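Down below is the structure, laid out as C-alpha cells.
A short reminder: the numbers here are calculations on the coordinates, not readings from a lab. In this text, all values refer to a predicted model and were calculated from it rather than measured experimentally. As a convention, Cβ positions derive from the backbone with ideal geometry for all residues, glycine included, and neighbour counts pool all protein chains shown.
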C-alpha cells in the first residue's frame, strides 16, 4: 500500500525544500554532482574517513572542493567518521585544525572522543553525527542535541514512521536520511567479518566487504580431533582433489555447480531461505542496494532536512545520474506533483545489486532485501558509453571520450544538466575525421554531431541496451 499521501505527516510547502546530498570521492564526481542538481556533497580525507581507497581528497583537493562549492552557493561537508585508536589521536587535533581553516560547512563525526576534542579546540565548528553512531531513537537525538551536534544522520535501520516520530519529538535537530546506495549487513561499521577474515577494521575505513564475497557451501562432518571437514561420504558431495592439510576449517566447493540449497533458522522452522551457488559460490550475506526514491515525497512532508546518496567510491557518472534523478523527485515533491514512476526505471539503468526499500517499509520479504545470486554490480538496461569533452573548433562536432563500445544505429541518451534527449546515432567519426561505424571501447576518442541547441558541458552518453544483448550479459553493465 502506498504511503506517499499519509495524513500523519505535515503537508509540504514551497518554503521547505530538503537538501540533496551527493557523494564525492573525487573532484570530478563533486563537479558532476553539482552540475546535475546536488545541493551539497560529502568528502573526507583517507586517514580519518571510512573511505581509504578510491579517495583523492587530500588537504589540497579538499581546499579546491570547498572553494568551488562555495563559489556556486553549494556546501561541502568533511567526513571524519572513523573510530580512531590512541595512536591516531596524537595528531588528530593538529590535522583537524588544517581542515577547519578551509571552512567546510560541517564535519561529519561519529566517535565521542573526536567530538569532545573538536568541541574543546574548535567550538565554532558545526558537527554532524555520522550514521556510524547508529542513532535509532528520539532520546539519542535529544542527547546529541545537548552535546554539540547540529545534525544527526539517522541509522538506515529505521522505518518511515520512526523517522517521522523523531522529527516530531526533536524538531530542533536537523535530520539526514540515506535514500540510495549500498547497505551494510550489520549496523554500519559494527560488522566483524572484515576484521576477523582479513584483519581490516571497518571502523578504520578498510572494510573488505566480506559480506559480498562468494561463499561455498558443502556438507561437513566432525573428525576425530573435533574439527569440521568436508564429508566425502555425503551423496551431495564429491571428493576434493588436493585438499590442503590445514584446510580443515575451510569450506570448499564439493557439490555440483548451480545446485540450490535451503537454509533454515532453527528459531523459524518452516521459513526457508534459498541459497543459489554458481561456479564462484553463494552470496548469502549480500544485501541489495537501497532505493527510496518512491518515499522522497513522504520524507519531504516529514521535513527531513537532507536526503543522502551513498557512494563515495562510485564513478562521476553515478554521482551525476543519481543527482539528476533524485533532483527530479525532490522538485516534484516540493511542487506537489505526484511521484513519477519513470524515475524508478531510470535508476534501473544504473549498476546495482538489485534494489530494496531497506527498512523504510516494515515486513518486507527476505527475498526483497538480499541478492543470493550475485554480488557483482550491474545493469541490463543501460550502459555508460562516453563523456563529451567539448566541441572540436574545426569540425564543430562533439569530442567524446569513449568508456564502452557503441555503434552507429544505437539508441543513445544524451544526458545533460539542461535535460536528456534520446537519439539514434546516425554518424560517427574517429579522431582523424574518418567516418566509422563503431566506437571500439575505452581509450578511444570519437566525434558525434549534437542536436542543435544542446550544450556539451557535463554531457554524458548512455546506450540503451537491446533486450537480446541484455539477456546475454549475466554480469550486467557497469
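Approximating the spin labels as points 7 Å out from Cα along Cα→Cβ, the residue 95-to-residue 224 distance works out to 5.4 nm. Placing R0 at 35 angstrom, the Cβ-Cβ distance between residue 139 and residue 362 gives a FRET efficiency of 0.95 after rounding to 0.05. In terms of other Cβ atoms within 10 Å, 305, 121 run from fewest to most in the order 121, 305.
Taking each residue as 0.36 nm, the span from residue 58 to residue 313 lengthens on full extension beyond its C-alpha to C-alpha distance by 90.3 nm. Over the C-alpha atoms of the stretch 382-471, the Rg to Rh ratio, Rh being the Kirkwood estimate, stands at 0.94. Listed by Cβ neighbour count within 10 Å, with the fewest neighbours leading, 459, 173 appear as 173, 459.
Ranking of 355, 36 by neighbouring Cβ atoms within 10 Å, starting from the fewest: 355, 36. Between residue 395 and residue 126, the C-beta separation translates, for a Förster distance of 60 Å, into a calculated FRET efficiency of about 0.75.
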